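Accompanying notes for the structure given below.
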Amino acid sequence: MEGTYLLKDGFIVLPEETSRGSIRIKGQTIEAMGDLDPLPGEKVIDCHDCYFLPGGIETHTHLQLESMGTVTADDFATGTRAALAGGTTTVIDFATQFHGESMARGLERWHEKADGNCAIDYGFHMALTEWNDKLRAEMEEVVAGGVSSFKMYMAYKDNMMVQEDQIYQALEESKRLGATIGFHCENGLLIDVLVRRERALGHLSPYYHQLTRPDELEEEAIVRLGAVNSLLHANHHIVHLSTAKGLSAIQRTRERGIRVIVETCPQYLLLDASLYGRPTSQDFEAAKYIMSPPLRSRRDQEAIWQGLASGDIQFIGTDHCSFNYKGQKEMGRDDFSKIPNGAPGIELRMALLYSYGVARGRMDINRYSVVTSTNAAKYFGLYPQKGILQVGSDADIVVLNPQAEWTVTQADLQENCDYTPYEGFPMKGKIRDVFLRGRHKLASGKIVIDEADGRYLERGLPDLDIR
Ligand code: URP
Ligand code: ZN
C-alpha cells in the first residue's frame, strides 16, 4: 500500500495541457512523470484511458459545527472519509470564533475536533463573528500559525453578522498581514425583516425560505463590500456565489479596479429553486434544500457555469453543512426559519463537476483541474505542495475513469447524512483511485486504507495570480 508506485499510461492533466504518460510515486511525493518503464520491485497500476488529476481541494466545509441548536451530522472523521471517497485530498474547514471568544480558543476547539480524526490533509479558515481590538491583536499570530484566510458573514443578524465598520477594520488588518477574508454576501438586516414579515403572515413552510433571501440581496452585499474595499484594496473573496446578479456585480467591481476572487458550489450549478415546491405544499421534503444562500433559477445556474469556465469564478467548494432530514431538518417542521441551514456535498464535488462540467462539454479537463484543485492551492497558500501534478509535489493523485456510468444514491455514500440532494443523478466518470501523500487509500472505488492519517496544514499567504 505504500512505497514506490508506477501509475502507468494515463492522461496527465496540467492546468494548460494534457499529455499521455505515467507517474512514479516514491514515498510521499511525485518522483517522475512522463514516458516511464517499471523499476524492479515497483508496484505498477494500469491506468490506461484514465485521467491523472491533482487531489481535490475542498475550500468550504462546516464539519462538526454547532448551529441552530444542533450539530452537523458529519464530523471530521465521517466528513473526511467521504471527501476521500470522492477524490478530495485536502479540506479547509471553517474554525469559528463565537461571540466573546478569542481566535485562539476557536482554533483550539477546532483542533480538538479534527486532530487525529481526518482521513485527508486539512487546514482551517478562521470565521469571525465580530471584530474588536482583541481580535485585531490576535490576527498576526493566527496568520503566522498558518491560518491565512478569514471569513465574515454579512448575513445572520444578531448571530454572526458583521457590518461595514467591522468589515473595514478587519480588512485593514488583514491587508497589513497579506492575508485574505472571504465574505458570505447577503443583506442580513433585510433578510431579518422579510423573515419576520412572512412569519407574521403565517407563511411557515420551507417554500418561504427563498422568498426571504432574494437574489438582489446577494448583489447588494457584493456591491457594498466592493465599496468598502475600494478604500483599502485588501485581498477579499466571495464565498458560495449563487446568482447571475451577484456575478454581474463582481464584474462591475473588477471594472473599478478592485480585485475579487470568487468561489461557487455544485448546488448553485445543478439544483434550482423549483425544489422548494409550492407555497401551500404540506410536503416537508423541501427542507432538504434549505441552505443560505438558497437555490436559485436555471438562468442563474447558466451564468455561474459560464463564469466558472471563463475564469470569472476561480474555485469550487461545497459548503458541506449536513443535517439529517429526520430529527434535524424536522426541527423546523412548523417554521421554516428554524430549519438548520445547510446540505451535504463533500463526497460528490469532484464527480458532479466532471459529469456535468467536463462530460457535458461545459469546461475542459484542464479547467476542471484548476477549479477543483490548483486555484484553491494557490489562493490558500498550499501551492506547489498541493494542487499540481509536478515532480516534488505531494503525491495527492486522483485517477478518474471517464467512461464509468453510475447513479447517485445516498445508500452508497460515506457521508453521514440520511439524504443527498443529488439522489438519482445520472453520472458519467468515476473516481477510481486516490493517493494521499503516496498512500493508496482508495482503490477501484473502495477505501482500502481506512486510517485517520490526515495531517494539519499550516498555510502560506494567498497567491493572487489565478483566474
Ligand atoms: O446554509 C448554509 N450554508 N449554512 C452554513 C453556514 C454558511 O452560511 O456558510
Ligand atoms: Zn458555509
Practice task
Taking the Cβ of residue 202 as the centre, find all other residues whose Cβ is under 13 Å away and add up their charges (Lys, Arg: +1; Asp, Glu: -1).
Solution key: 0
Practice task
Give the order of 450, 272 when sorted by the count of other beta carbons within 10 angstrom, beginning with the fewest.
Solution key: 450, 272
Completion exercise
Simple spin-label estimate for residue 248/residue 447, 7 Å along Cα→Cβ, in nm, reads 4.4
Exercise for the section: Please work out the Cα center distance from the stretch 97-111 to the stretch 215-255, rounded to the nearest Å. Expected result: 28
Completion exercise
In terms of the alpha carbon gyration tensor, root eigenvalues a ≥ b ≥ c, rounded if a/c is under 1.5 and otherwise prolate when a/b exceeds b/c or oblate, the stretch 94-205 is oblate
Fill in the blank from the handout: By Cβ neighbour count within 10 Å, fewest first, 33, 126 rank 33, 126
Problem - Within the stretch 85-104: backbone nitrogen closer than 18 Å to the residue 75 label point (7 Å, Cα to C-beta) - result: 93-96
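Would the stretch 8-156 count as rounded, prolate or oblate if I go by the C-alpha gyration tensor, calling it rounded below 1.5 in a/c and otherwise prolate when a/b exceeds b/c, oblate otherwise? Walk me through the numbers before you get to the answer.
Working: a/c = 2.79, a/b = 2.38, b/c = 1.17.
Here the stretch 8-156 falls in the prolate category.
Contour minus end-to-end for residue 194 and residue 298, with contour as 0.36 nm per residue of separation and end-to-end as the Cα-Cα distance? Could the numbers behind the result be given before it?
Values: separation 104, 0.36 × 104 = 37.44 nm, distance 2.36 nm.
Fully extending the segment from residue 194 to residue 298 adds 35.1 nm.
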Problem - Length released on extending from residue 48 to residue 333, taking residue separation times 0.36 nm less the Cα-Cα span - result: 97.5 nm
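Once fully extended, how much extra length lies between residue 18 and residue 66, figured as 0.36 nm per residue of separation less the alpha-carbon to alpha-carbon distance?
On the way: separation 48, 0.36 × 48 = 17.28 nm, distance 4.28 nm.
Full-extension gain reported as 13.0 nm.
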Problem - Global geometry of the chain, whether rounded, prolate or oblate, following the gyration tensor of its Cα atoms and the 1.5 cut on a/c - result: prolate
Fill in the blank from the handout: The exposure ranking of 29, 78, 180, fewest beta-carbon neighbours within 10 Å first, is 29, 78, 180
Completion exercise
The set of cysteines in the chain having no other cysteine's C-beta under 4.7 Å reads 118, 185, 265, 321, 417
Problem - Approximate spin-label separation residue 26-residue 463, in nm, with each point projected 7 Å along Cα-to-Cβ - result: 2.4
Completion exercise
Check: C-alpha center the stretch 142-205 vs C-alpha center the stretch 62-90, spacing in Å is 22
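Mind giving me the FRET efficiency for residue 4 and residue 428? R0 is 35 Å, r the Cβ-Cβ distance, nearest 0.05 is fine. Mind dumping the intermediate values first?
Values: r = 33 Å, r/R0 = 0.93.
That gives a FRET efficiency of 0.60.
Throughout, read-outs are computed from the coordinates displayed, never taken from laboratory work. The model shown is predicted, which means the values in this text are computed figures rather than measured ones. Glycine also receives a Cβ, built like all others from the backbone with ideal geometry; neighbour counts cover every protein chain displayed.
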